[in-house]
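For reference, the structure discussed in these notes is given below.
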Amino acid sequence: MGSPALPNIHYLGILPDSRKSAALDLLFEPSPEIHSYLIPVAASRRYSSYNEFIDRCRETLASMAAKSTADSPNQHLLRILGSHPRLGAKKVESAQSAAEQAKLGGDSEALARLNREYEDKFPGLRYVVFVNGRGRPEIMEDMKARIDRGDFEKEVDAALHVLLPPFNLTR
């Protein structure tokens with residue numbers, strides 16, 4: 001059996017919500033919170049490409065982020081951003097994240113400690129980064145630097161960039 005495929009973009013908006021959810025799960029992390037905010041985006045108009053649809057999703061979440069601060073974070077946005085698995089997590093829902101996690105080796109106890117420190121510093125957020133061939137030591141250094149920087153808004157932006165990276169889909 002082959003891997004799941006995205007439906008034709010021209011029909012995305014008229015598909016049943018279950019099929020829209022499945023498409024969102026292929027594009028992003030599986031998450032009921034993502035479904036609740038981005039299914040209406042899918043249904044709101046007809047798209048000519050997945051790139052156009054993803055840009056609209058990015059605009060929707062960026063609008064939420066613009067109204068979210070460290071003192072008054074948007075809880076819906078935090079749940080969306082929290083759908084990304086923790087680095088070093090054993091159970092990962094999406095194939096993309098599972099592949100990234102598999103590339104990380106090294107001290108999982110130290111990574112778990114940094115995850116806790118990060119989440120204490122930025123309640124409601126998870127540290128996310130493109131692994132992209134980088135090893136655990138380099139990622140852990142980046143994590144420490146971001147904890148030390150202590151900038152909630154920059155962390156929200158970084159999480160959105162990982163959740164909704166620039167795609168180049170041809171369908």
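Descriptive notes on the structure:
- Environment charge of A66, counting only residues whose C-beta is closer than 11 Å and scoring Lys/Arg +1, Asp/Glu -1: -2
- Under the Karplus curve 6.51 cos²θ - 1.76 cosθ + 1.60, θ = phi - 60°, whole-Hz ³J(HN,Hα) for the range 25-31, x wherever Gly or Pro sits: 5, 6, 7, 10, 8, x, 6
- Highest average packing first - 13-20, 34-41, Cβ atoms within 10 Å: 34-41, 13-20
- Length gained on full extension, S48 to D142, computed as 0.36 nm times the residue gap minus the Cα-Cα distance: 30.1 nm.
- Computed from backbone phi with θ = phi - 60° and the Karplus coefficients 6.51, -1.76 and 1.60, the 3J(HN,Hα) list for the range 132-145 is 6, x, 7, x, 4, x, 5, 5, 5, 5, 4, 4, 4, 4 Hz; x is used for glycine and proline.
Coordinate-derived values only; no laboratory data. These numbers come from a predicted model, not from an experiment. Please note: Cβ atoms are built from the backbone with ideal geometry, for glycine as well, and neighbour counts cover all protein chains shown.
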